[in-house]
Amino acid sequence: MYAELAIPLAVDKLFTYRIPDELQRAVQRGVRATVPFGSRSVVGFIVDIKPSTTLGTVKNIKDVLDAEPFITEELLSLAKWIAEYYFVPLGEVLKAMALHGSVRPNRQMVVLLQNDLPGSVNTESLSKKQKEILQLLRGAKPLSVGQIEKKINRKNIHTPLIDLASRKLISIQDEAPPRFMKPKTEVIIHAESADRTGWQEWLESLGERIASKRYAKQASLIESLLRTDPSVTEFSYPETLRNADISKATLQTLVKNKILRSGRREIIRTPEIELDELSIQTRSIVLNSYQRKSLDCITGAIVNEKYQAFLLYGITGSGKTQVYIEAIKKTMEQKKTAIVLVPEISLTPQTVRRFKAHFDNQVVVMHSRMSAENEQMRGASHVTGNARL
């Protein structure tokens, strides 16, 4: 039997390898395998299995990395479509689809699930390599595949690892992708209906003490919070301090005494780009007949939920961007989202101003030169330049 692999290289072809007898049961479409490639070993994705080949010399697959398909049939079908439609090597598409580290199998983590072998496991059926692996993992923290290979001085241990995993003796976990940055958060005060009821009861319980030096500022804060719109369920901690003109200690005392309930929420990161007069003026643009005709074609497909590509052709300054904006408005009316791709990062500020004039804070920016402090991937409308998605 022979397997065709898509290898994550800028080469638009599949590579054929022979499936050794000991790996016949492990090989299936969608799993990853290590194979020799020139003078090195690489990881590829098995996309097809064939009973024969016309090639004269075929190298063997070294190891199979997965017990179950890493890429499902549905994703494999999508990857093939993307590769054909966008003229991209299939291996590169599959690498982009897969988890971070998918082509670095030595970084997979191995966890021992039970120190003592259950009676149902026949130790005689375990290979010498498997026994060495179990012995190494006993009493140790989880180890990567690379660490295990180094400690037992053996290569290509994924197949025995997969067998141990099928026996529920170990767990093999892909390395979690490192976060490019941690989410930025802020402390908030909860203000739901039950919280407001508790505040009112606390004020009533103070009685005459409400005017005392000890409780006056605390009571003043609670009263100011009760006067706010009941539909508001969260208050920013710093904003609450500023609005109430109280010390941080007073607020912390109320939280400590469980009068106020605090929490955290993520702050949306996005660069601050101020609108200019020209961008603001575009809000009043009325489409001409040519723009309207183009927009009607585009929005017809949007409303009918029909996939269709359009080429909007016009010289610089002919009003193409305004057609994009109106089409996005129609898209968002349908409760959908939009991505705007900008060909040059240098064009991002002026493009963002134009779109923010119409969509305000729904515009979020992402490109490869943004710092971690500004990187942001949320929002209904994205303006993106020279970014990998």
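The values are calculated or read from the model by the stated rules, or taken from the named source; none is laboratory data. In this text the structure is predicted, and so the values were computed from the model without any measurement. Cβ placement follows ideal geometry from the backbone for every residue including glycine, while neighbour counts extend to all protein chains displayed.
Give all pairs with beta carbons closer than 7 Å in which a residue from region 233-250 that is within 20 Å of E192 (Cβ to Cβ) meets a residue that is among the basic types (K, R) and outside any helix (DSSP H, G or I); count only pairs at least 6 apart in sequence or on separate chains.
E234/R265
Restricting attention to region 298-309, report how many residues are surrounded by fewer than 13 Cβ atoms within 10 Å (Cβ to Cβ) and not basic (K, R).
So the answer is 7.
Exactly one of these conditions fails for T282: (1) surrounded by fewer than 10 Cβ atoms within 10 Å (Cβ to Cβ); (2) assigned to a helix (DSSP H, G or I). Give me its number.
(1)
Evaluate region 251-265: report whether one residue or more is out of contact with any helix residue (DSSP H, G or I) (no Cβ under 8 Å at 6 or more places or on another chain), over 30 Å from V364 (Cα atoms) and of a type in the set (S, T, Y). Walk me through how you get there before you give the answer.
Kept after step one, since they are out of contact with any helix residue (DSSP H, G or I) (no Cβ under 8 Å at 6 or more places or on another chain), are these residues of region 251-265: 252, 255-258, 263-265.
After this cut, where a residue has to be over 30 Å from V364 (Cα atoms) as well, the list is 252, 255-258.
Next cut, of a type in the set (S, T, Y) only: none.
No, region 251-265 has no match at all.
Just to be sure before I move on: is R242 modelled with pLDDT of 80 or more, at negative phi, part of a helix (DSSP H, G or I) and exposed (fewer than 14 other Cβ atoms within 10 Å of the Cβ) in the structure I sent? Give the steps one after another, and end with the answer.
Values: modelled with pLDDT of 80 or more: no; at negative phi: yes; part of a helix (DSSP H, G or I): yes; exposed (fewer than 14 other Cβ atoms within 10 Å of the Cβ): yes.
So R242 does not fit the description; no.
Within region 15-47, track down each residue that is in contact with a helix residue (DSSP H, G or I) (Cβ under 8 Å, 6 or more places away or on another chain), among the aliphatic types (A, V, I, L, M) and more than 11 Å from E4 (Cα to Cα).
L23, A26, V43
Identify all residues within region 79-96 that are surrounded by 15 or more Cβ atoms within 10 Å (Cβ to Cβ) and either in a helix (DSSP H, G or I) or hydroxyl-bearing (S, T, Y) (or both); write none if there are none.
Restricting attention to region 79-96, the residues satisfying the condition of being surrounded by 15 or more Cβ atoms within 10 Å (Cβ to Cβ) are 79-80, 82-83, 88-95.
Selection gives A79, K80, I82, A83, L90, G91, E92, V93, L94, K95.
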